[in-house]
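What follows is a short report on a single structure.
The values are calculated or read from the model by the stated rules, or taken from the named source; none is laboratory data. Keep in mind that this is a model prediction, so the values were computed, not measured. Positions of Cβ are generated from backbone atoms using ideal geometry, with glycine treated the same way; all protein chains shown enter the neighbour counts. In case anyone asks, the SASA skips ligands and DNA or RNA and just uses the protein heavy atoms, side chains included. Shrake-Rupley method; radii C 1.70, N 1.55, O 1.52, S 1.80 Å.
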Amino acid sequence: MTTATLLLKGGVLPDGKTADIAISGETILAVQPAIGMEAAEVIDISGHLVSPPFVDPHFHMDATLSYGQPRINRSGTLLEGIGLWGELKPLQGEEEIEARALAYCDWAVSMGLLAIRSHVDTSDEHGLKGVRALLSVREKVKDYLDLQLVAFPQDGFYRSPTARDCTIRALDLGVDIVGGIPHFERTMADGRRSVTELCEIAAERGLMVDMHCDETDDPQSRHIEQLACETQRLGLQGRVAGSHLTSMHSMDNYYVSKLLPLIAEAGVAAIPNPLINITLQGRHDTYPRRRGMTRVPEMLNHGIRVGFGQDCVLDPWYSLGTADMLDVAFMGLHVAQMTSPADMRRCFDMVTQTSAAIMGLDDPGLAPGKRASLVVLDAGDPVEAIRLRADRLLVVSHGKVVARRAQTETALALPGRPANVSRRFQVRG
Ligand code: FE2
């Protein structure tokens with residue numbers, strides 16, 4: 001008779017069905033009601049949402065947890081953030097970057113965030129300290145967290161005199177994905193050229209592409225068009241993502257009606273970063289002030305895969321954050337006005353399975369034969385999880401429990417009211 005190493009009883013799957021989940025080693029054995037199998041450990045998760053793990057398809061782990069060093073971003077703009085990052089880079093050592101990144105990975109696991117795609121600056125020798133540090137971190141966390149690295153010439157592939165060489169060296173060292181920043185090159189023409197060359201590098205090496213693309217309020221920034229075109233030309237369909245795409249917010253509607261089918265046809269995925277887009281964009285506006293996030297519902301309606309990223313936590317660009325992808329989904333659904341029940345569930349998918357698919361991970365989903373990585377939330381369904389930014393009660397990675405948290409309650413003692421216990425705004429008993 002088969003014995004499970006771990007049996008989770010009575011969880012609620014994202015589709016609302018109740019099931020037990022039997023795990024053996026690193027693999028899910030069965031997902032069905034009332035599994036009677038023997039197990040080394042049985043955990044009752046009755047009534048709690050059990051979901052595939054959270055996934056962050058866009059982050060900057062070489063900068064995270066550096067907030068205030070050497071100073072804060074006074075204007076709050078993207079451009080001052082880039083300048084501030086340039087001040088910080090020479091000051092930080094490889095060991096310091098690695099320690100901060102590992103601390104962030106601990107936060108991530110505690111939040112059920114088990115896959116992260118991090119860009120790493122490859123503009124210069126200072127950036128390569130981050131490359132070496134994050135390659136070491138990728139190795140150290142690989143048994144419980146999938147860390148993908150993107151070679152990201154932050155200061156411009158052509159604009160920085162050392163970026164081209166350092167980006168190639170980073171890829172030679174084992175960085176997984178080719179990045180870029182065409183809107184930060186000196187001219188639109190240079191931006192277009194950088195998209196072409198970087199896509200050619202990816203095609204030659206058989207790598208994926210994920211570019212910061214059009215992270216600006218300038219409606220004329222149209223490098224996503226070139227990215228979709230090069231994806232088609234080089235046969236990279238399904239392997240390319242455009243991150244941010246904020247200029248699309250401000251583009252002419254007629255042009256967007258041509259652009260969205262091009263992106264869909266090329267199989268290019270989109271990765272908006274709601275917390276950061278709403279914070280950094282529109283800073284040059286008076287009123288009305290643009291939100292700056294790209295056109296998420298419209299892209300979904302064209303069949304374009306969209307995954308929400310976190311982008312920044314406590315760094316030169318963003319002064320908050322806790323590795324909580326439910327914060328990201330919460331902000332995303334507000335800014336995109338995706339407030340119907342079906343749309344809110346799509347937002348949950350955008351921080352779990354859709355982002356896993358965009359990252360090319362093999363095993364998103366809870367089904368027999370899949371990798372046993374999941375998160376149990378103090379919520380009854382995905383929408384409640386977003387509403388509460390629900391506690392992660394249990395995190396399982398590769399079949400092992402890697403984080404546990406007790407349910408929290410507040411005891412109320414109110415004049416004229418019976419003694420009561422509040423479970424953080426939950427409607428269920
Ligand atoms: Fe970014």
If we count every other residue with Cβ under 15 angstrom of Tyr255's Cβ, Lys/Arg +1 and Asp/Glu -1, where does the sum land?
-2
Of all accessible heavy-atom area on segment 54-358, the percent that carbon and sulfur account for (1.4 Å)
52 percent
Could you tell me the largest-minus-smallest coordinate of the C-alpha atoms of segment 54-358 on each of the three principal axes, in descending order and whole angstroms?
49, 41, 39
How many angstrom separate the Cα center of segment 263-325 from the Cα center of segment 197-242?
17 Å
Once both axes come from the Cα atoms, what is the angle between helix 223-233 and the longest principal axis of the chain, in degrees from 0 to 90, rounded to 10?
80 degrees
At what distance in angstrom do the alpha carbon centres of segment 114-175 and segment 52-72 lie from each other?
14 Å
Asserting the computed 222 nm helical MRE of the chain (DSSP H runs at least 4 long, -39500 (n - 2.57) per run, divided by residue count, to nearest 500) equals -10500 deg cm²/dmol
So who's got an amide H within less than 5 Å of the one on His212, skipping anything under 5 residues away but keeping other chains? H placed 1.01 Å off N, in plane.
Gly180, Ser243
Give the span of segment 1-99's Cα atoms along each principal axis, as three whole-Å numbers ordered largest to smallest.
61, 30, 18
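Report for the chain the percent antiparallel among DSSP-assigned beta bridges with both residues inside it, nearest 5. Working shown, then result.
Numbers: 26 of 58 bridges.
Just about 45 percent of them are antiparallel.
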Probe 1.4 Å, all protein chains present, accessible-area order of Thr216, Thr2, Thr64, largest first:
Thr2, Thr216, Thr64
Over the chain, average the accessible area per residue using a 1.4 Å probe and give it in Å², no decimals.
40 Å²
For the Cα atoms of the chain, what angle does the longest principal axis make with the long axis of helix 341-350, in degrees from 0 to 90, nearest 10?
70 degrees
Probe 1.4 Å - accessible area at Phe330, Å² to nearest ten:
70 Å²
Quick one: give the max-minus-min coordinate of the C-alpha atoms of segment 150-264 along each principal axis, largest first, in Å.
43, 28, 19
Based on the alpha-carbon gyration tensor of segment 255-398 and its eigenvalue square roots a ≥ b ≥ c, which shape applies: rounded if a/c is under 1.5, prolate if not and a/b is larger than b/c, or oblate?
oblate
Heavy atoms of Asp20 accessible to a 1.4 Å probe, total area in Å² rounded to 10
10 Å²
Quote the relative contact order of the chain in percent (integer), defining contacts as alpha-carbon pairs under 8 Å separated by 6+ residues.
19 percent
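Using a simple charge model, +1 on the beta-carbon of Lys and Arg, -1 on the beta-carbon of Asp and Glu, nothing else, what dipole does the chain show about its Cα centre, in debye to the nearest 20? Before the final figure, lay out each step's value.
Details: 43 positive and 54 negative charges, 195 e Å.
Rounded to the nearest 20 debye, it is 940 debye.
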Setting aside same-chain residues fewer than 8 positions from Lys89, which lysines have a Cα under 22 Å from its Cα?
Lys129
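Any idea what % of Cα-Cα pairs in segment 26-162 are farther than 28 Å? If you can, show how the numbers build up before the last one.
Values: 3016 of 9316 pairs.
Roughly 32 percent, rounded to a whole number.
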Which net charge results when you count Lys and Arg as +1 and Asp and Glu as -1 among the other residues whose beta-carbon is under 15 Å from that of Leu13?
-1
Tell me which of Gly365, Ala241, Ser340 sits at the most positive position along the dipole axis of the chain, charges placed on C-beta atoms (Lys, Arg +1; Asp, Glu -1).
Ser340
Local charge sum around Gly81 (other residues, Cβ-Cβ under 14 Å, Lys/Arg +1, Asp/Glu -1)?
-4
Roll a 1.4 Å probe over the protein heavy atoms and report the accessible area of His249 in Å², nearest 10.
60 Å²
